[in-house]
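Here is the structure we will look at, set down as structure tokens.
The values are calculated or read from the model by the stated rules, or taken from the named source; none is laboratory data. As the structure is a prediction and not an experimental result, all values here were calculated from the model. Note: ideal-geometry Cβ built from the backbone for every residue, glycine included; neighbour counts use all protein chains shown. Side chains are part of the model used for accessible areas, which takes the heavy atoms of the whole protein and leaves out ligands, DNA and RNA. Shrake-Rupley method; radii C 1.70, N 1.55, O 1.52, S 1.80 Å.
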Amino acid sequence: MKRELEALLFATDGPLTAARLKKIFPEAGAAELKATVQELAAEYDAAGHAFTIVEFGGGWQIATRPDYAP
């Protein structure tokens, strides 16, 4: 599920809400989905990627880190 979630967060044009993700991954609970998002964000931080997962608009999306915005 983690890599599928990662692909969705990358490809979406707006934040993916927990409710939307629950429809896509009906076998996963809300806590599991949130933990998976946090795990991905931690992986990106640890690896020093130029992107991260941001939470806004009631959901999550992959975005460029502010340091690299210019």
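Under 7 Å between Cβ atoms, which residue pairs at least 6 apart in sequence (or on different chains) link something in segment 10-23 that is modelled with pLDDT of 95 or more and assigned to a strand (DSSP E or B) with a partner that is surrounded by 15 or more Cβ atoms within 10 Å (Cβ to Cβ) and among the polar types (S, T, N, Q)? These pairs meet every condition: L16/Q61. Do we have P15 as touching a strand residue (DSSP E or B) at 6+ places or on another chain (Cβ under 9 Å) and either surrounded by 14 or more Cβ atoms within 10 Å (Cβ to Cβ) or not hydroxyl-bearing (S, T, Y) (or both) here? Yes: the conditions hold for P15.
With respect to being part of a loop (DSSP other than H, G, I, E, B), free of Cβ contacts under 8 Å to residues at least 40 places away in the same chain and of a type in the set (D, E), E27 fits the description. Looking at segment 47-70, I want the residues that are without any contact (Cβ under 8 Å) to a residue 60 or more places away in the chain and have a partner that is among the polar types (S, T, N, Q) and open to solvent by 40 Å² or more (accessible area, probe 1.4 Å) with Cβ atoms under 6 Å, at least 6 apart or on another chain. Which pairs are those? As it stands, the answer is F51/T64; G58/T17; G59/T17, since those pairs meet every condition given.
Taking the conditions (1) touching a helix residue (DSSP H, G or I) at 6+ places or on another chain (Cβ under 8 Å); (2) surrounded by fewer than 12 Cβ atoms within 10 Å (Cβ to Cβ); (3) not β-branched (V, I, T) in turn, A7 satisfies each one other than (1).
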